[in-house]
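J.: Can you keep this structure in mind? I'll have questions shortly.
The values are calculated or read from the model by the stated rules, or taken from the named source; none is laboratory data. No experiment lies behind these values; they were computed from the predicted model shown. Because the Cβ atoms are built from the backbone with ideal geometry, glycine has one as well, and the counts that use them run over all protein chains shown.
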């Protein structure tokens, strides 16, 4: 069984790429569901909310014990999802937790800051200035999350099998590139048509 992890910057089209790649492969896509499962197991829903709150709107600061329990539960959920296979996992340090597994393909989706801010402004109907602030805050918090809890650099290219800049590409064309690379890596895996489950509310 195989799986894909997608790390993305806010406004990079990473979630759309994950959704379209999952649909093409006939895979399920998981985003916040993994967080929710981990929070339930760890008994620490406030940690899950803090993780989701990448713009630091709520200012939550869970204690280290709760965070450690959540991280352990997250890792367990990730391993189970990857073990079941036919899954695209967006975010939540999947590229680190599942690093070294031969059955997992790691993708990073990026774009220039200005491009991402313009997309966020259009998608969320906010000013370009506000969108740029959101992009900067998201980058800062995602970078901190990987560094503080996993001891890695978010942008370390060695964590990924494929890094794609979407500045001049559509999510559909990027998904096509991901599927082509994935298919080449796992050439014996058939491509399906109907995903089992798709989450749609991600950035």
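For every residue, the table says whether it meets (1) in a strand (DSSP E or B); (2) at pLDDT 95 or above; (3) in contact with a strand residue (DSSP E or B) (Cβ under 7 Å, 6 or more places away or on another chain); (4) crowded, with 17+ Cβ neighbours inside 10 Å.
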{"site": "38", "(1), (2), (3), (4)": "no, no, no, yes"}
{"site": "62", "(1), (2), (3), (4)": "no, no, no, yes"}
{"site": "80", "(1), (2), (3), (4)": "no, no, no, no"}
{"site": "96", "(1), (2), (3), (4)": "no, yes, no, yes"}
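J.: Go through segment 102-137 residue by residue and tally those that are within 13 Å of residue 10 (Cβ to Cβ), touching a residue at least 24 places away in the same chain (Cβ under 8 Å) and not in a helix (DSSP H, G or I).
T.: 4
J.: Working carefully through the options 120, 104, 152, find the one that is within 18 Å of the chain's Cα centre (by Cα), modelled with pLDDT of 95 or more and surrounded by fewer than 16 Cβ atoms within 10 Å (Cβ to Cβ).
T.: 152
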